[in-house]
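K.L.:
One structure, pasted below without further comment.
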Amino acid sequence: MSRRIPWLAALMSLVLPGFGQLYNGQVNRAIWVFLTFAGFLLPGAILAVYLPTSLMLPVFLIGHAVGLITWIFAIVDAYVQARKRNEYTPKVWQSTGVYALILVMFCFVVLPLVINYVRQHQVQSFFIPTNSMNPTLQKGDFIFTDMRYNCPNCSNSVQRGDVVIFVYPNDRTKYFVKRIIGLPGDTVDIKNGHVSVNSERLLVKPYQDATVEQNADKRWNITDTAIKGENLTVEVGHGEVFVLGDNRGFSNDSRKFGTVPLVDVVGKVRQIWYSKNDEGSQWSRVGTVLQ
């Protein structure tokens, strides 16, 4: 006979939800606690990208809230259940070696693999460090990016006007965010800052105190539309795209580093989930949906 140590049970569930229940010998309870935690936390993020963009943030927050509540429950429940086991006979498998193996497998193998899969193939969060995409994206924005984009069997193909995440051609350790202006085979002309694609100028007009570019059914705000003396003509090669920042006077884009290989375009920005600048949280930007 031996008693369970309440604080140790609570600590184990703090490290891994359900781990404390396993320590208490409640295998079935441990499995359901862990599955509930993981089932709302990770699939909540995955489910969000399959819903209309306006529902992404609420579903994501609900999933994480339920996951957090389950985690807290696991800690408290492990402590309470351990206190009830003043006289307990440990099972054969209940040893420090087995506990260590389970912890290593879940924390360093299973969870990292699942999280990496979600980040690479479903949804990923990025931080915006500059104002190169102002006013669409501002420095301090945190964004949801749909990673089910521009890949074999993906439903979302690259379209002109999309705001995308891509690997920076001059440093493959960095991701950049810009707007796609030219598709494979297009000819992009920039004259005095005004942009034309295949000899058709992107419609520029004032709209609600902003300067707007429009192509087909997409419309986006831009800054510094006419940069005096800027002239450039680029024929976009096959398997490449031409990208520009919305803040034309403050953007390192295809005007400087050239076209971007299509294969390096990894995701499409869908929503701002949080924003903070030097003055504090920008709540008015939270939930903003991008076209």
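K.L.:
Working out 0.36 nm times the residue gap between Val104 and Ile72, then minus their Cα-Cα distance, what length gain in nm do you get to one decimal?
P.N.:
Full extension from Val104 to Ile72 adds 9.4 nm.
K.L.:
Taking the 0 to 90 degree range and rounding to the nearest ten, how far is the long axis of helix 53-83 tilted relative to the main principal axis of the chain, both from C-alpha atoms?
P.N.:
20
K.L.:
Kindly express, to the nearest 10 degrees and within the range 0 to 90, the angle between helix 111-121's C-alpha long axis and the longest C-alpha principal axis of the chain.
P.N.:
It works out to around 20 degrees.
K.L.:
Under a plain spin-label model, where a point goes 7 Å from the Cα along Cα-to-Cβ, how far apart in nm are Tyr175 and Lys84?
P.N.:
For Tyr175 paired with Lys84, the spin-label model returns 4.5 nm.
K.L.:
Kindly flag which residue pairs out of Lys139/Lys256; Lys191/Lys256; Lys178/Lys218; Lys139/Lys276; Lys139/Lys178 have an alpha-carbon separation exceeding 18 Å in this structure.
P.N.:
Lys139/Lys256
K.L.:
Where a ≥ b ≥ c are the square roots of the eigenvalues of the C-alpha gyration tensor, would you call region 31-119 rounded, which needs a/c under 1.5, or, failing that, prolate if a/b is larger than b/c, or oblate?
P.N.:
Oblate shape, in that a/c is at least 1.5 and b/c is the bigger or equal ratio.
K.L.:
Taking only Cα atoms, what is the 0 to 90° angle, nearest 10, from helix 6-15's long axis to the longest principal axis of the chain?
P.N.:
Taking Cα atoms only, the helix is inclined about 20 degrees.
K.L.:
Once you keep just the Cα pairs under 8 angstrom separated by 6 or more residues, what percentage relative contact order results for the chain?
P.N.:
17
K.L.:
Suppose the chain between Ser284 and Val114 were pulled fully straight at 0.36 nm per residue; how much longer would it get relative to their current alpha carbon spacing?
P.N.:
The span from Ser284 to Val114 would gain 57.9 nm if fully extended.
K.L.:
At 0.36 nm per residue, and after removing the present C-alpha to C-alpha distance, how many nm does the segment from Ser54 to Ser2 gain when stretched out fully?
P.N.:
Gain on stretching Ser54 to Ser2: 13.4 nm.
K.L.:
If the rule is a partner Cβ under 4.7 Å, which cysteines in the chain fail it?
P.N.:
Result for the chain is Cys107, no neighbouring Cys Cβ within the cutoff.
K.L.:
So, one more: Suppose R0 equals 41 Å; then what is the FRET efficiency for Asp217 and Lys256 from their Cβ-Cβ distance, rounded to the nearest 0.05?
P.N.:
Computed FRET efficiency for Asp217 and Lys256 comes out at 0.90.
K.L.:
Now, a different point. First check a/c for region 124-285, with a ≥ b ≥ c the square roots of the eigenvalues of its C-alpha gyration tensor; if it is under 1.5, answer rounded, and if not, answer prolate when a/b is larger than b/c or oblate otherwise.
P.N.:
Here region 124-285 falls in the oblate category.
K.L.:
So what is the orientation-averaged projected area of the chain, using the convex hull of its C-alpha atoms, in nm²?
P.N.:
The orientation-averaged projected area of the Cα hull of the chain comes to 18.8 nm².
K.L.:
Could you check the spin-label model distance between His121 and His194? Points 7 Å from the Cα along Cα→Cβ, value in nm.
P.N.:
Calculated label separation equals 4.8 nm.
K.L.:
Classify region 99-196: rounded, prolate or oblate, from the alpha-carbon gyration tensor (a ≥ b ≥ c, eigenvalue square roots; a/c under 1.5 rounded; otherwise prolate if a/b is larger than b/c)?
P.N.:
Prolate.
K.L.:
May I pose another question? For the residues His238, His121, His194, what sequence is obtained by ranking on other C-beta atoms within 10 Å, fewest first?
P.N.:
Least crowded to most crowded, the residues run His238, His121, His194.
K.L.:
Next question. List every residue whose amide H lies under 5 Å from the amide H of Phe126, counting only residues 5 or more places away in sequence or on a different chain, with H placed 1.01 Å from N in the peptide plane.
P.N.:
For Phe126, whose amide H was placed from the backbone, the distant partners under 5 Å are Ile143, Thr145.
Quick note: the coordinates plus some simple rules give every number you see, no bench work behind them. In this text, all values refer to a predicted model and were calculated from it rather than measured experimentally. FYI the Cβ positions are ideal-geometry reconstructions off the backbone, even for glycines, and counts take in every protein chain you see.
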